[in-house]
1. Of the residues Ile133, Ile106, Ile67, which is in contact with a strand residue (DSSP E or B) (Cβ under 7 Å, 6 or more places away or on another chain), of a type in the set (A, V, I, L, M) and modelled with pLDDT of 95 or more?
2. Can you tell me which residue among Val145, Val129 is in a strand (DSSP E or B) and within 20 Å of Ala252 (Cα to Cα)?
3. Among the numbered conditions (1) touching a residue at least 40 places away in the same chain (Cβ under 8 Å); (2) surrounded by 14 or more Cβ atoms within 10 Å (Cβ to Cβ); (3) in a loop (DSSP other than H, G, I, E, B), tell me where Asp83 comes up short.
4. If you check Ile178, Ile155, Ile168, Ile218, which single one turns out to be farther than 23 Å from Leu283 by Cβ and of a type in the set (A, V, I, L, M)?
5. Search the range 174-221 for residues being crowded, with 22+ Cβ neighbours inside 10 Å and hydroxyl-bearing (Ser, Thr, Tyr), and hand back the single one that is farthest from the chain's Cα centre (by Cα).
6. Return the pair list, or none, for Cβ contacts closer than 7 Å from residues in the range 238-249 that are of a type in the set (Gly, Ala, Ser) to residues that are assigned to a helix (DSSP H, G or I), at least 6 apart or on different chains.
7. Being in the same structural domain as Ile155 (by TED's automatic domain parsing), in contact with a strand residue (DSSP E or B) (Cβ under 9 Å, 6 or more places away or on another chain), in contact (Cβ under 8 Å) with a residue 60 or more places away in the chain and under 14 Å from Ala130 (Cβ atoms), is that true of even one residue in the range 209-218?
8. Filter the range 24-52 down to the residues that are of a type in the set (Gly, Ala, Ser) and more than 27 Å from the chain's Cα centre (by Cα), then identify the one that is surrounded by the most Cβ atoms within 10 Å (Cβ to Cβ).
Amino acid sequence: MDPKAYWVGFNLVKGIGAVRFKQILDFFGSLEVAWNSPSEGLLSAGLSQKVIEKFTQIRNQIDLDVIMSTIYKKGIKVLTWSDPDYPRRLKEINQAPPVLFINGSINVEDDWAVAVVGTRRVTPYGRQVATEIARYLAQNGVSIVSGLARGVDAISHQSALQAGGRTIAVLGSGVDVIYPPEHHKLAQEIIHQGALISDYPVGTPPDGINFPPRNRIISGLSLATIVVEAGEKSGALITAEFAVDQGRDVFAVPGSILTPQSEGTNKLIEQGARPLLKMSEILEALKLEQIPEKQMNRKMNPLNSAEQKLLFYLSSEPVHIDEVCNLSGLPINEVSATLTMMELKGMVSQVGGMNYVAARETKGSYKTDGNG
C-alpha cells in the first residue's frame, strides 16, 4: 500500500492534528504500524479514549486504497512531513500541517512568496491597491499567496495571473471543492499557473470553522503578509496574527479613517505593522530586489547531495555543527567542509559558536543535482 495512505487515513480523524501526529510517529516509528495497532497500543501512545474511538470508527469504515485511488484520479498530489518537496518555509512553523493536498504544482519560484489578503467587501481604493500590489510583486518574480475568497483575495490571484506570475490559493475546504462556487474558472487558472492547497481531506465542504485555521498556512508559506483592507473583525487580521507568531513580516495598507474597511489595517499599523507607502518597500524590506537573477542562480547551481542533506536540517533556528553531524550522519570533516562551501554560496550563515542557520531566502529554493 502507498505509505502516504496512512497519513491520509489519520488525517481523516478529527482530534488528530500536528501534535498527535508527532506523538504517534515518535511512539510507533511509522504510521503503518500505528494504523494497525490495537486500542491498547494507541492508549499507550498517549491518545485519549475519545480520539481512539473516533479513529477505530474511521479505520473500520474506510478503504485506504480506494481513497488514494480517488485522490490520484483527480490529479491531486499528497505531501507529508516526510516528503522533500514539502514547502520548507511552511515546515518551519509551529504545528505545520502533517498532510497537504495540492492541485497544481509548488515550484522553486514559490520560495519567494508574499501573502496578499483582505476584506471580501473591498472598496474601489482597495481593489486598485490589491491589483497594483499583486501585479507589481508578480512582475518581480514573487508568488502571490491568498485564500480564493471574494474581494481582495480573488483580485490578488487574478492580478498575479494577468501579470504572468505564479499564485497559490489556500482553501478552507478540500482542494476539489471550490468555494465560492463562482471562482471555479479562477481556480482552474490557478492550477495551471500555481496551486490550490489545503490540509483538509479531499471532499471536505467549506465550513466557517475551517477558514481561520487555514490562514496559518497562507502566512506560513509566505515571507510576509500584506493586509490591503480589513474590517475590525476581518479574517485577514487572523492571518496577520499568525504571521507575527511565525516571525514573518506584516505590512498594512493605510486607509481612510472614515471607511470601515480600513479599521483593521489602521489598527495593525497602530500595533506595529509596517505601513505600506510604496510598492518598492516590499522588495527592499525583504531584500528581494534581484529575485529573477537569484532564481536563475538557484537553477544553474543545484545542490550536491551533501549540501541538500545538511540544508534539510537547517532553519532559522541556530544548530550547532555537532548536532548537524548527528542529524545528518555525515563525518565532521565532510560537514565542516560542506558548511564552509555553503557559506561561500550564501546558503547558510554561521551565527557564532559554530552554530549555523539557513539563509532566509535559501530554504526550499534549491533543487538537487540528481545525486541527492
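1. Of the residues listed, the single one that is in contact with a strand residue (DSSP E or B) (Cβ under 7 Å, 6 or more places away or on another chain), of a type in the set (A, V, I, L, M) and modelled with pLDDT of 95 or more is Ile133.
2. Val145
3. Failing condition for Asp83: (1).
4. Only one candidate passes the filter, namely Ile178.
5. Result: Tyr200.
6. Final answer for the pair search is Ala240/Leu268; Ala243/Ser219.
7. No, there is no match, as no residue in the range 209-218 is in the same structural domain as Ile155 (by TED's automatic domain parsing), in contact with a strand residue (DSSP E or B) (Cβ under 9 Å, 6 or more places away or on another chain), in contact (Cβ under 8 Å) with a residue 60 or more places away in the chain and under 14 Å from Ala130 (Cβ atoms).
8. Ser37
The values are calculated or read from the model by the stated rules, or taken from the named source; none is laboratory data. Nothing here was measured: the structure is a model prediction, and the numbers come from that model. Glycine gets a Cβ as well: all are built from the backbone with ideal geometry, and neighbour counts include every protein chain shown.
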